[in-house]
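Note sheet for the following structure.
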Amino acid sequence: MSLYKPGLLRPGFPLLIRDFLVYNVLSENVHYGRNAYGYQLCVEKKMSDKADAKEGTSTEKTPLAQVPLVRMVDIDKWFGKVNALRGINFTVNHGEIVGLVGDNGAGKSTLIKILSGFHPADRGEIYFEGKKVNISNPKLAKNLGIETVYQEQALAPHISIARNVFMGREPTKFLGFMDRGMMDSESMGAITKLGLRIKDPEAMVEMLSGGQRQGVAIARVMYFKAKLVVLDEPTIALSVKESQQVLDFMQQLKAEGISVIFITHNIFHAFQVAERFFILARGEMLIDVRKEDTTIDHLIELIVSGRSEIKS
Amino acid sequence: MFQWETGNKTRRERSTLSNEKFMVRFLSYRVSFTLIVFVVLLVFFGIFSSGHSFFGIANLTALAKLAPDLGIVSLGVGMLMIAGEFDLSVASTIPLSSFVFTKLLGWGTPLALILVITLLTGAIIGMSNGLLVVKTKLPSFIITLGTMLFWRGIVYAASRMSPIGIMSWIEPDAWMMKVFVGFIGGMVPVQFVWFLFFFAVLGVVVQLHRFGNWIYVTGDNQIAARAMGIDTDMVKTVCYVIVGVLCSFMGMIQNLRIESFAANQGVGFELRAIASAVVGGTSLMGGIGSIPGIFLGTLTIQIIDNGLILMGAPAFGINAFIGGAIIIFAVLNVTVARVTGK
């Protein structure tokens, strides 16, 4: 982990020394890949590599907690001539809240859209619970247990809460007719479990506050046993109190053993709940750091400058 | 005036929970307003039509015979509007199906086969509309405006715009006549029963079936629907097919009723169907509306039509009243949404 310093292995580093490091010091822990800017090195944690090596033979025996839930390795994405992501290595562990932070256009949404199957990556691999997966469409991501909650896109405003919770997965009694009693009771159950108080499952979503809407969307993914929930800017248009409510929902998800990727450019919100921060700028990773190894000032400095070489 | 009343009412009702819940529910079903207006109009025309002829047997029978024409089409168009799309081409699907029906009769095709092929015509037109809309991703208003003109051109060219009588090819007591344009008990036109049948089937499907939920979600928030794995393109295409089938059915029973094909069948139905849906509380943006609302909406439009004529309004000026009614209902819908939204 001491070598896990992005600055050391960035493309600008003298080539000879770098190659020496790659082949003699880091050896197996390094991915050596090419992108538009030349070579880029991607240092992996040793543990996850071990898990990787065992893949296919003894994955079952490895305790799940040791294998990261999701590992995205060396992800590259191009939009025409724009290099949206450059050699990103992104890991999410079980029951962990990761703050995916960065300014607008940093590549946060692109990375998540690759993970949730909306875009294909131009290069790179994704491992889910240690197994290599090819997430080519949103449905596959869902089947794996990766659920994305977009603020404005999650719910239909003129439809009841119960119908929203079961949207696309309606429980039926016969011939496809909805079991409305079950929809009402189960949706209320999920919402209550999240710590949200709503009386009427038949009320339209339009009548809920922004925080409550987030709650309904989160209750839905919790009810359907998501393993990883991606929250895309869940606090962006909310009042202080409502934002706090949404942060509490995340803690609740964590308590349920569900991992959360919290995408935001509000580092203060991220710092309240996240255990790890993954900061992007212009398609590159600036830092991937645990909360205890950093301070909020350092993170802000990083985001503002957009460079990782800053000394804190 | 009306806005003030409703606003005041909800605020007062807020004191008691159950009442408030009831009021909110009541208002959120926009049908409520259409129902109120419908009943008021019934009473109004009942009292003011000369000699209370509005409720005369002759008038009610005539209404029950004519209302299904627009009604059946409106049910489909309204459902499609809930899914967030328009279909203007209904105006041409009707005469085209009627033309196909007439031609098949002329060739002596078995009646059952004629029925199937006629309905298939509508299904194919509906399917092509649906696929064009979802594949091009262009506004359905434009696409179906195009297909409306296209198919009407085809009908005009094929029929040379001349009416074709059908009575030389079909016996007046053939089963088809009885099933589609007969009378039940010598009183109730069977068309109206068909109208009620489609109302019941579509009502149950749209309000209670999971496909109905998909229709609402597709119209209300298509991105959310997609994200939840609903094939919104499929939902829309199926709705277009249903609209097409309903139009051919209606073209057929209208043909049987007037006992001929007429090239101007269905002219103006595209907008009257949309008007019916709007009067019934359907949103032009999709996602809001209900089959009972559309049912009442189309009846409301038609009793305005019928009642005003009975009261001696100039027949050619009726559109002025219907136009006014549409605007009033559109304003009312927005007002209701604002009041209940708070």
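Go through the residues of the range A:109-128 one by one and say whether even a single one is crowded, with 21+ Cβ neighbours inside 10 Å, facing another protein chain (nearest Cβ under 10 Å) and without any contact (Cβ under 8 Å) to a residue 60 or more places away in the chain.
Within the range A:109-128 (the criterion being crowded, with 21+ Cβ neighbours inside 10 Å, facing another protein chain (nearest Cβ under 10 Å) and without any contact (Cβ under 8 Å) to a residue 60 or more places away in the chain), the answer is no, since none of the residues qualifies.
Going through A:G107, A:G99 one at a time, which residue ends up being under 14 Å from A:D232 (Cβ atoms), modelled with pLDDT of 90 or more and out of contact with any Cys (no Cβ under 6 Å at 6 or more places or on another chain)?
On inspection, the qualifying residue turns out to be A:G99.
I'm checking my understanding of the structure. Among residues of the range A:129-144 that are more than 14 Å from every other protein chain (Cβ to nearest Cβ) and touching a residue at least 60 places away in the same chain (Cβ under 8 Å), which one is nearest to the chain's Cα centre (by Cα)?
A:E129
Scan the range A:168-211 for residues that are in contact (Cβ under 8 Å) with a residue 24 or more places away in the chain, within 12 Å of chain B (Cβ to nearest Cβ) and aliphatic (A, V, I, L, M) and jot them down.
Of everything in the range A:168-211, those that are in contact (Cβ under 8 Å) with a residue 24 or more places away in the chain, within 12 Å of chain B (Cβ to nearest Cβ) and aliphatic (A, V, I, L, M) turn out to be A:A203, A:M204, A:V205, A:L208.
Got a sec? Which of B:G244, B:G266 is outside any helix (DSSP H, G or I) and not charged (D, E, K, R)?
On the way: B:G244 fails: outside any helix (DSSP H, G or I).
None of the others qualify; the one that does is B:G266.
For A:S259, indicate whether it is at pLDDT 85 or above, polar (S, T, N, Q), surrounded by 20 or more Cβ atoms within 10 Å (Cβ to Cβ) and touching an Asp or Glu at 6+ places or on another chain (Cβ under 6 Å).
yes
Please work out if A:T148 is facing chain B (nearest Cβ under 9 Å) and either within 17 Å of the chain's Cα centre (by Cα) or touching a residue at least 24 places away in the same chain (Cβ under 8 Å) (or both).
Here the answer is yes, as A:T148 does meet what is asked.
State all residues of the range B:84-114 that are closer than 25 Å to B:T144 by Cβ and surrounded by fewer than 22 Cβ atoms within 10 Å (Cβ to Cβ); if no residue qualifies, say none.
B:K103 - this is the single residue of the range B:84-114 that is closer than 25 Å to B:T144 by Cβ and surrounded by fewer than 22 Cβ atoms within 10 Å (Cβ to Cβ).
For the range A:69-124, how many residues meet the condition of being farther than 22 Å from A:I303 by Cα and among the polar types (S, T, N, Q)?
2
Need the failing condition index for B:A200 against (1) within 13 Å of another protein chain (Cβ to nearest Cβ); (2) free of Cβ contacts under 8 Å to residues at least 24 places away in the same chain, just the number.
Failed condition: (1).
Answer yes or no as to whether A:L155 is at the interface with chain B (Cβ under 10 Å from one of its Cβ atoms) and crowded, with 19+ Cβ neighbours inside 10 Å.
Spelling it out, A:L155 is indeed at the interface with chain B (Cβ under 10 Å from one of its Cβ atoms) and crowded, with 19+ Cβ neighbours inside 10 Å.
Only residues that are within 14 Å of another protein chain (Cβ to nearest Cβ), touching a strand residue (DSSP E or B) at 6+ places or on another chain (Cβ under 6 Å) and either within 15 Å of A:S187 (Cβ to Cβ) or not acidic (D, E) (or both): list them for the range A:212-255, please.
Within the range A:212-255, A:A217, A:V221, A:A226, A:V229, A:V230, A:L231 meet the criteria.
Look through B:T136, B:T109, B:T121 and report the one residue that is in contact (Cβ under 8 Å) with a residue 12 or more places away in the chain and of a type in the set (S, T, N, Q).
Numbers: B:T136 fails: in contact (Cβ under 8 Å) with a residue 12 or more places away in the chain; B:T109 fails: in contact (Cβ under 8 Å) with a residue 12 or more places away in the chain.
Just a single option satisfies the conditions, and that option is B:T121.
Does any residue in the range B:206-228 that is at positive phi and facing chain A (nearest Cβ under 8 Å) come within less than 9 Å, Cβ to Cβ, of a residue that is surrounded by fewer than 22 Cβ atoms within 10 Å (Cβ to Cβ) and not in a helix (DSSP H, G or I) six or more places away or on a different chain, and which pairs are these?
Cβ pairs passing all conditions: none.
The values are calculated or read from the model by the stated rules, or taken from the named source; none is laboratory data. On a predicted model such as this, the values are computed, not experimentally measured, just so you know. Note that we place each Cβ from the backbone using ideal geometry, even for glycine, and neighbour counts take in every protein chain shown.
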